[in-house]
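Scroll down for the structure; my scribbles are underneath it.
The values are calculated or read from the model by the stated rules, or taken from the named source; none is laboratory data. Please read these numbers as outputs of a predicted model, since none were measured by experiment. Positions of Cβ are generated from backbone atoms using ideal geometry, with glycine treated the same way; all protein chains shown enter the neighbour counts.
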Amino acid sequence: MSRKNTKFNFEESLASLEGLVEAMEAGDLSLEESLKAFEQGIKLTRECQQALDTAEQKVQLLLANTDVPAAAPFDDEDDGESAGA
């Protein structure tokens, strides 16, 4: 059965990625194990990024079909001007 038929779980993939990072940072893996963990981490990172990109596209499509203002990047620099006064 192809992998496309299985449902992607973002939270599980992110948890797996965090586990791989912790294992690699601990330094207890052999070189071969580290390379396998790195390869798996790259795969999980790409899958998570693709899921985030898809979600962002869906949000943009939903916002385009409503009267809700478009999303804008958050800039907290403007609030810092009065903090020193």
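Taking residues in the range 54-76 that are farther than 25 Å from PHE8 by Cβ, and partners anywhere that are at pLDDT 90 or above and surrounded by 10 or more Cβ atoms within 10 Å (Cβ to Cβ), not one pair has Cβ atoms closer than 8 Å while being at least 6 places apart or on different chains. Can you give me the number of residues within the range 10-34 that are among the polar types (S, T, N, Q) and exposed (fewer than 12 other Cβ atoms within 10 Å of the Cβ)? Qualifying residue count for the region: 1. Could you please let me know if LYS43 is in a helix (DSSP H, G or I), at negative phi and at pLDDT below 75? The answer is no for LYS43. Screening the candidates ASP28, ASP75 for the property of being modelled with pLDDT under 90 and acidic (Asp, Glu) yields one hit, ASP75. Taking first residues from the range 2-21 that are at pLDDT below 90 and partners that are assigned to a helix (DSSP H, G or I), the Cβ contacts under 8 Å between residues at least 6 apart in sequence or on separate chains come to PHE8/GLU47; PHE8/ALA51.
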